[in-house]
1. Computed from these coordinates, which is Cα extents along the principal axes in Å: (i) 73, 70, 44; (ii) 77, 71, 52; (iii) 103, 52, 44?
2. In terms of the Cα gyration tensor, with a ≥ b ≥ c the square roots of its eigenvalues, is segment 220-354 rounded because a/c is under 1.5, prolate because a/b exceeds b/c, or oblate?
3. Taking 18 Å as the cut-off for C-alpha to C-alpha distance, list the pairs among Lys115/Lys417; Lys99/Lys485; Lys334/Lys378; Lys48/Lys84; Lys167/Lys210 that go past it.
4. Near the amide H of Thr27, under 5 Å away, which other amide H atoms are found, from residues 5 or more places off or on another chain, if H is placed in the peptide plane?
5. Among the lysines, which fall within straight-line cross-link reach of Lys567, defined as a Cα-Cα distance under 16 Å, with same-chain neighbours fewer than 8 residues apart omitted?
6. In the chain, if the dipole is taken from +1 on Lys/Arg beta carbons and -1 on Asp/Glu beta carbons about the Cα centre, which of Ile288, Ser45, Ala445 is farthest to the positive end?
7. From the backbone phi of segment 29-37, what are the Karplus-calculated ³J(HN,Hα) couplings (6.51 cos²θ - 1.76 cosθ + 1.60, θ = phi - 60°) in whole Hz, Gly and Pro given as x?
8. Arranged from highest to lowest average of other beta-carbon atoms within 10 Å per residue, in what order do the peptides 149-161, 357-369 appear?
Amino acid sequence: MHLIKLSLLFGTLLGYASAAYAVPHCTVWGELQSKADTNIVSMNSPSKSQFDLQGRLIYRPLLVAEKFHWLGFELYQAQAKLNKTVSTSNEYSVPFAVKISNNSGEVLDYRFNAKLKVADQQKLIALYRAFHRAKPPENLQGDKYWVKERDDIGQYKSLYTVLADNKLKRNKLSYLEPTDTRQSTNAAKKLMQLEAANIISDEFTFENDKCWLTKTLGNSHIQVSSSDGSMNIEVLQTLSLNRSNQSIPDDARLLQLSEDPNQWENLSTDWVYPKAPPQPLKNTEAFITALKSMDWLEGDRKTLLQFLYDNDQYLLSLKELISTKSIADPLESKLFMYLGKHDSVNSKQLLTEVFVEPDLFSPNQRFRSLMALKYSEKPLTDMQVEAIFEYSMSYGLDEENSKLAHSALMVMGAIAKNQQGSEFSTQLTQKLADSLSSSATEQKASALITALGNSGDYDHQQLIGDYLAGDSPRLRLNAAEALAKMPSKTSLNYLSNQLNQETDSKTQGAILKAMGNNELDAEQVDSIYAFADASNPRDIRSAAISALSQQAKSKPEVKSRLKALVKTETNQKNLRQLMKALYGS
């Protein structure tokens, strides 16, 4: 079976648990060993595989806030093997953090120190799930408690037994019947439609001290089968973690990261998923010939990106080819997209030069270069950033070039968002903010406010908030839309203060929608509900309904208010909006 599928099942068998424990400020690590033997019968054809994982698991408490705390993990020098073949990627070595509710112990979020594929995120989540125990009920009577938990297969029942000497035993007992694949995760659905899950045995024992776990031993034997009987999987797994008394190496990445995982700068994608050395064609002419013969419209994505990777050294030679419009329009559009996704220094240099040279390239080509740059997940060079800003902040441009210049600024915000938390992103958003502070025209200020909103950089909420209370309706609208992308107490305060004194209806609607992205108290819900009254214009009512719909996801009592609006709303579009909020699509 493919490594990804094995790791998915690995995560399923480790099980999910939510807990709330005191978080002492000590960092420890232990030797991790896991082995999973898998027997598969697919379409009556049997096969066997073995998945091994080992490394030194580092545990580090991170940021502690009023309602939640973060825990950090890194599997140092991780080594994953499938049938004794070592994995060529480093996804298991990526540090990650888990956000946990201080009240319930529920997992609220995860943060990974690299942009990982979804399947690889699940591998690290599975690693965390192995060691996080369910919180016992208050006033526990006796030494046992039962918990309903959920994994990729479905909901199951676990028995926890409190033992002497800071020990805890967990037994996964059985999946609750029937197994409901509709509530399984997408990853499990992609693996197979499960009908039966049989837990033959599953027992994990945990020992801990004031810091964290000192020892964990576990074994699991589970069988699953697809609904049509075409696939049966049996997995026998063992896992152990033993605390190490050795000092943690200074080069462990987790130790160098901020306590706030939202400030982590991502590891290079090339490090996580290293590529083989490129194999370029012999010269520029051969590259151009091959490029012209490739199907950029319908061709295989991996093949086309590999072609650009192998021939990255020739990319700047495409400048003349593009300027002479030697590639058919639909193919050129896709070529620009692939150049953006290739995301190398050379590809971004080519795209930058296309944008800043209006005498050589058409407005359509220059716009495509901007849309391609939006894919950038690696920093632009200082020269590339300066070239784009120099053009975008210049004056005396005609209407068409002004639109392109403003689009470029907004793209800079999107690029900063792609690399949020990195030094490059911080410097880029600061450059946008500095440009906004010194901007002399409303048009440029509009583009820069939108760019900061696109960046999602919360450090600039105050600057945006100042424009929300300014004289220009256009900039107030831009500011409201930007703050909508930065939900927080700070942005909510700016929005709620402006709501009742706002005179422009479009801005008022944008403020209502932006407020809905936050967690609102009862008074704020009341204020928004007042704008849904039939006496207000249709668009204002629609914005209020949108905000209330967001609140209904976490506040069941808001649904009754939405139902009341169904009786008074007369606009068909708004009624459809209400029905979708209440009953789904």
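1. Checked against the structure: label (ii).
2. Cα axes put segment 220-354 in the oblate bin.
3. Where the Cα-Cα span goes over 18 Å, the pairs concerned are Lys99/Lys485; Lys334/Lys378.
4. HN-HN under 5 Å from Thr27: empty list.
5. Here the lysines satisfying the reach criterion relative to Lys567 are Lys559, Lys580.
6. Ser45
7. With coefficients 6.51, -1.76 and 1.60, one gets 8, x, 7, 9, 9, 9, 9, 10, 9 Hz.
8. Ranking, from highest mean packing down: 149-161, 357-369.
The values are calculated or read from the model by the stated rules, or taken from the named source; none is laboratory data. Here the structure is a predicted model, which means the values were calculated and not measured. Ideal geometry is used to build each Cβ from the backbone, glycine not excepted, and the neighbour counts take in all protein chains shown. SASA here: full protein model, heavy atoms, side chains in, ligands and nucleic acids out. Shrake-Rupley method; radii C 1.70, N 1.55, O 1.52, S 1.80 Å.
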